[in-house]
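Report on the structure given below.
Taken together, the values in this text are just the output of simple stated rules run on the coordinates, not laboratory data. Keep in mind it's a predicted model, so treat the numbers as computed, not measured. Here the Cβ is made from the backbone with ideal geometry for all residues, glycine too, and neighbour counts use every protein chain on show.
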Amino acid sequence: LALVTGLALTSILLTACGENSPSILDPAGPIARSESGIFWTILIIAAVVFVGVEGMLIYSTIRFRARPDSPTPPQTHGNTTVEVIWTVIPAIVLLIVLGVTIRGIFDVSTKPEGKTIEVTAYGHQWWWEFYYPEYKMTTADSLVIPPNTNVHVKLYSNNVIHSFWVPQLTGKTDVIPGHDNEKWFSSDKAGVTYEGICAEYCGTQHANMRFNVVVTKDNNEYLSWAQKQQQAAAVPTPGSLEAKGEEIFKNQCTTCHGIVGVSDETPYLKDPNPMGQCDDPTKDNGCLIGPNLTHFGSRNLIAGGVLKNNIEACQPGGDLSNCNLAKWISNPQGVKPGNDMAVNVSSEDLPALIAYLESLK
Ligand code: CUA
């Protein structure tokens, strides 16, 4: 038993060792620290109880084992002192666990002091959209935040229940249609990227509903990123490969995707609170099913977090055999079966479309 417990503890500790491993045991912000504090407190109490109880059991089994010449031991029926002890001690232990848990609940649900940015996270099947109401801009798959700043996240879904989870920054919160949850978290590390995942089964591609939280080096880097994201898409040079790609985009992609300044449908930038439009059949105000791609080339993930946006393998005129965007556009159902991408871009058109999308920094 001791060996098994030891191995279990070692494996738990080892999972926390990797740099940026998505483990709750490697917290990088106050909320995550409060949550992992609850875990450690309860684990330590449980370990003490476990060692005490198992120790007494093993001791008694050996010390009082039946021997060939053992007489019949004295037979007792009930012992008030022992019964009081084994009722009172667990009651005290449970009260401590209750107190720690309630304090943790208040920690994570109280609006923290200090500078706060606002973000709305919208769970789609199966990708995350992030809307910044202060800037009226939207991204997908990557949530960019400044370090040491509270992030207030409102959680919306109009389809099924999802759950927002960034193990190193904040615990799971359900994203429930018709019931808007919210949460706060912050990162005290700068210039790092954390993994986020959907933690509530939401359909075929639940396991591939991933995202990144990108923490900028400082607040200035965040502000300049935000300033760039608010601008309309770059206009390609007439006659270039990118310009050809823009035409292909306009012909084939605008039913589902918007690019500010290119296709007319830019509801995300017109409406200060556009979340929920796309899955709400009662609203018809230019809603698009797919992510807004205005600054696609600046994102580090594509396809709902399944693939890295490896721009270096997608250079215009280069070999596209390792380009993830090429894999995704040419066979979306092979990469992520069941998703809503239905495209039919010819292999002749593909290089131009990729060159255009990756140029949208
Ligand atoms: Cu969304 Cu699981």
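Please report, ordered by residue number, every helix of the chain (full DSSP H runs) that is 27 Å or longer along its axis going by C-alpha atoms and whose mean Kyte-Doolittle hydropathy reaches 0.5.
Taking the DSSP H segments of the chain (at least 27 Å long, mean hydropathy at least 0.5), we get 30-63, 80-109.
In terms of the Cα gyration tensor, with a ≥ b ≥ c the square roots of its eigenvalues, is the chain rounded because a/c is under 1.5, prolate because a/b exceeds b/c, or oblate?
Since a/c reaches 1.5 and a/b is larger than b/c, the shape of the chain is classed as prolate.
Order these peptides, 61-67, 341-347, by their mean beta-carbon neighbour count within 10 angstrom, highest first.
Output ranking for 61-67, 341-347: 341-347, 61-67.
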